[in-house]
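Asker: Handing you a structure now.
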Amino acid sequence: MLVAVHLARKAKEAVLTEQRLHNRIRVAGWVVPNLVEALPEGLLALRRVVPTYCYFPGNPLQRIPNLHRSLQSIFIPDKSRQGRIAVEAIKWYWSTLEWPSHPTPQNRGVSWVELALDFIAATDMRYIGQGHGPETTLEKAKLAFSKISKFLHAKLENDLYPCSEGRITSLGPFGVRNAVEGLKIAPKLIRPVEWLPLVREVSIGAPVPYLALLQLPLSRIRSPFPRPYRPLLEGFRRTFPLPPRPP
């Protein structure tokens, strides 16, 4: 009888837990989505084989206030049209990212490699630096992306991202044993479903997983359609900016 009561109680607890997971939780006025439902099928499948990666960075999530407007006032001289277009896409990317006020224990930061991959997947801007083309590697794209981002960060008096830079271990679940350069806190990335399975595919079984990632040709990185980044819409917003939001 005691065993039956215990099993019935456990079943009731399981039902209550499942209900809570399927509800939206409000924390400090912000709506935090169910962590299981927030993951698309591609990431759910990946989480089953790589469970220790940070799939959700924490909560509540919020963007840096007025970052989009602040970035529009920064001009980076570039002789090529391709370079100017890439800079505008990088500005959009940073102003779209959401950051956790309370990072989860799995949040071990984010590498510049991950940020470059996410940027490319969200915008389809593969050729960031001068002379980049179809054979350009992720290493060169990462260097160009991080260089422009750090320049913007300095121009904004360190307000582009709300954390410090340093050596981080976010790629550890994929076999990258040594810490690599990145940011100490990971934001909610925009399109990891497009590139995170590729990270596992490239790194698994590689003698030096991080080197294998850096040598990845940009042509292998997927970008969805329609994409989150729409250059024509962003160009219209730059030409006809909205009035500032009331405090």
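Nothing in this text is a laboratory measurement; each read-out follows from the coordinates by a stated rule. Nothing here was measured: the structure is a model prediction, and the numbers come from that model. Cβ placement follows ideal geometry from the backbone for every residue including glycine, while neighbour counts extend to all protein chains displayed.
Asker: So if I check each of Ser111, Ser70, Ser101, which one is touching a Leu at 6+ places or on another chain (Cβ under 7 Å) and either surrounded by fewer than 16 Cβ atoms within 10 Å (Cβ to Cβ) or over 23 Å from Ala179 (Cα atoms) (or both)? Explain how you work it out, then say what you get.
Answerer: On the way: Ser111 fails: either surrounded by fewer than 16 Cβ atoms within 10 Å (Cβ to Cβ) or over 23 Å from Ala179 (Cα atoms) (or both); Ser101 fails: touching a Leu at 6+ places or on another chain (Cβ under 7 Å).
Sole residue among the options that is touching a Leu at 6+ places or on another chain (Cβ under 7 Å) and either surrounded by fewer than 16 Cβ atoms within 10 Å (Cβ to Cβ) or over 23 Å from Ala179 (Cα atoms) (or both): Ser70.
Asker: Right, something else. With at negative phi and touching a Cys at 6+ places or on another chain (Cβ under 6 Å) as the only criterion, which of Gln106, Gln130 stands out?
Answerer: When all the criteria are applied, what remains is Gln106.
Asker: While we're looking at this one, here's another question. Just checking, does the stretch 128-143 include any residue being more than 19 Å from Tyr53 (Cβ to Cβ), within 13 Å of the chain's Cα centre (by Cα) and assigned to a helix (DSSP H, G or I)?
Answerer: No, the stretch 128-143 has no match at all.
Asker: Please verify whether Ser111 is polar (S, T, N, Q), under 17 Å from Ala144 (Cβ atoms) and in contact with a helix residue (DSSP H, G or I) (Cβ under 9 Å, 6 or more places away or on another chain), treating the condition exactly as stated.
Answerer: yes
Asker: Quick one: how many residues across the stretch 147-195 are within 16 Å of the chain's Cα centre (by Cα), more than 23 Å from Gly83 (Cα to Cα) and of a type in the set (Lys, Arg)?
Answerer: Adding up the residues that qualify gives 2.
Asker: Would you check if Arg200 is basic (Lys, Arg) and assigned to a loop (DSSP other than H, G, I, E, B)?
Answerer: For Arg200, the condition - basic (Lys, Arg) and assigned to a loop (DSSP other than H, G, I, E, B) - is not met.
Asker: Here is a list: Ile148, Ile190. Which entry is among the β-branched types (Val, Ile, Thr) and assigned to a helix (DSSP H, G or I)?
Answerer: Exactly one residue qualifies, and that residue is Ile148.
Asker: Right, here's the next one. Among the residues that make up the stretch 75-90, is at least one of them surrounded by fewer than 23 Cβ atoms within 10 Å (Cβ to Cβ), part of a helix (DSSP H, G or I), touching a Leu at 6+ places or on another chain (Cβ under 8 Å) and without any contact (Cβ under 8 Å) to a residue 12 or more places away in the chain?
Answerer: Looking for residues that are surrounded by fewer than 23 Cβ atoms within 10 Å (Cβ to Cβ), part of a helix (DSSP H, G or I), touching a Leu at 6+ places or on another chain (Cβ under 8 Å) and without any contact (Cβ under 8 Å) to a residue 12 or more places away in the chain, one finds none in the stretch 75-90, hence no.
Asker: Name every residue in the stretch 114-139 that is surrounded by fewer than 17 Cβ atoms within 10 Å (Cβ to Cβ), without any contact (Cβ under 8 Å) to a residue 60 or more places away in the chain and not polar (S, T, N, Q), in order of residue number.
Answerer: Gly131, Gly133
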